[in-house]
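Asks: The structure's right below; bear with me while I get my questions together.
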Amino acid sequence: MRIHIITYIYATLLLIFSISNHAKKNTQDYTVLKKIAYHYLYGQVRLHAKQFQLDIHKPTSRVKLKACKTEQLTPFLPAHQKLLSTRSIGIRCPEHDWVTYLPVKLTVYAQVIVAREQIPRNTLIRRDQLELKTISYRELRSNYYQKFDYLIGRNTKYPIKSGSIISEYSLKKEYMVQRGEHVQIRAQINNIKATSLGVALQNALRGQQVEVKNIQSQKIIKGKATDKGVVDVIY
């Protein structure tokens with residue numbers, strides 16, 4: 001009798017294991033979804049950012065989805081979500097008509113210029129007062145600079161604390177080009193360079209786009225204010 005009971009229990013356990021194993025084979029593996037989501041999102045983000053940290057998580061409450069063929073799993077960015085600030089990624093299975101979303105933790109970093117030391121008000125900024133710092137985009141609440149050339153020689157409007165991001169708000173406006181003044185237009189087509197005279201039709205800070213009228217041809221062209229009285233045009 002005892003042997004029969006043991007045999008019965010053993011057979012029952014085998015049946016349960018068999019059913020469980022069969023169910024697993026027919027249920028979508030979330031590890032596969034994570035890998036597909038990571039590969040897709042990593043490829044998209046790296047086109048727009050050099051430094052970032054990406055983590056894909058399994059949802060806290062996992063619905064059992066019917067297993068989908070790997071080649072049919074299609075990742076996508078949810079509607080109304082921007083790539084560099086997305087908090088989730090969707091995966092669609094046309095084969096079984098289901099969609100699921102995985103939580104995303106994406107931190108994108110930028111190299112921005114900060115004050116190396118306290119910079120007083122009404123001070124012409126020097127290179128040795130500046131340094132680069134890696135900062136998360138989420139911490140960037142105002143405009144910022146990434147090239148030292150755009151800041152050297154600029155006059156401070158307010159005191160800037162050591163370690164603070166230097167924004168346009170902290171600086172006095174210093175137009176490289178002013179409306180109505182004569183400017184030098186530098187044009188480049190492939191390796192051929194040419195210069196001509198023009199008149200600025202707008203004010204422009206360093207690096208800003210500006211419209212100028214070529215005095216000789218009377219044509220209005222767009223260029224970038226790169227220095228005092230200089231506009232560069234690249235064709």
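The values are calculated or read from the model by the stated rules, or taken from the named source; none is laboratory data. As the structure is a computational prediction, the values presented were derived from the model and not from experiment. With ideal geometry, Cβ positions are generated from the backbone for all residues, glycine too; neighbour counts draw on all protein chains shown.
Asks: So which residues in region 63-88 are farther than 17 Å from I36 by Cα and either part of a loop (DSSP other than H, G, I, E, B) or without any contact (Cβ under 8 Å) to a residue 12 or more places away in the chain (or both), if there are any at all? Spell out the reasoning first.
Replies: Our first condition is that a residue be farther than 17 Å from I36 by Cα; within region 63-88, this holds for 63-64, 79-82, 84-85.
Within region 63-88, V63, K64, A79, H80, Q81, K82 meet the criteria.
Asks: Now, a different point. From I91, I152, I135, grab the single residue that is closer than 25 Å to Q208 by Cβ, assigned to a strand (DSSP E or B) and in contact (Cβ under 8 Å) with a residue 24 or more places away in the chain.
Replies: Working: I91 fails: closer than 25 Å to Q208 by Cβ; I152 fails: assigned to a strand (DSSP E or B).
Exactly one residue qualifies, and that residue is I135.
Asks: Just one of the numbered conditions (1) exposed (fewer than 10 other Cβ atoms within 10 Å of the Cβ); (2) modelled with pLDDT under 90 is not true of H22; which one?
Replies: (1)
Asks: Among the residues of region 168-183, which ones are buried (at least 16 other Cβ atoms within 10 Å of the Cβ) and polar (S, T, N, Q)?
Replies: S170
Asks: Determine which member of the set I215, I221, I185, I160 is among the aliphatic types (A, V, I, L, M), assigned by the TED database to the domain that holds T123 and either in contact (Cβ under 8 Å) with a residue 12 or more places away in the chain or touching a His at 6+ places or on another chain (Cβ under 8 Å) (or both). Spell out how you get there, then give the answer.
Replies: On the way: I215 fails: assigned by the TED database to the domain that holds T123; I221 fails: assigned by the TED database to the domain that holds T123; I185 fails: assigned by the TED database to the domain that holds T123.
It is I160.
Asks: I'm checking my understanding of the structure. Among residues of region 63-95 that are surrounded by fewer than 13 Cβ atoms within 10 Å (Cβ to Cβ) and over 30 Å from E139 (Cβ atoms), which one is modelled with the lowest pLDDT?
Replies: Once the filter is applied, the top-ranked residue is V63.
Asks: Another question, then. I'd like to check something: does region 174-182 contain any residue that is of a type outside the set (F, W, Y), more than 26 Å from E131 (Cα to Cα) and part of a strand (DSSP E or B)? Write out each step before concluding.
Replies: As a first pass, look at region 174-182 and keep what is of a type outside the set (F, W, Y): 174, 176-182.
Okay, now just the ones that are also more than 26 Å from E131 (Cα to Cα), so 177-182.
Next cut, part of a strand (DSSP E or B) only: 177, 182.
Yes, there is a match, as at least one residue in region 174-182 is of a type outside the set (F, W, Y), more than 26 Å from E131 (Cα to Cα) and part of a strand (DSSP E or B).
Asks: Can you pull out the residues in region 188-201 that are touching a residue at least 40 places away in the same chain (Cβ under 8 Å) and either of a type in the set (A, V, I, L, M, F, W, C) or surrounded by 14 or more Cβ atoms within 10 Å (Cβ to Cβ) (or both)?
Replies: Within region 188-201, the first condition is being touching a residue at least 40 places away in the same chain (Cβ under 8 Å), and the residues that meet it are 188-189.
If the condition is that a residue be touching a residue at least 40 places away in the same chain (Cβ under 8 Å) and either of a type in the set (A, V, I, L, M, F, W, C) or surrounded by 14 or more Cβ atoms within 10 Å (Cβ to Cβ) (or both), then I189 is the only one that fits.
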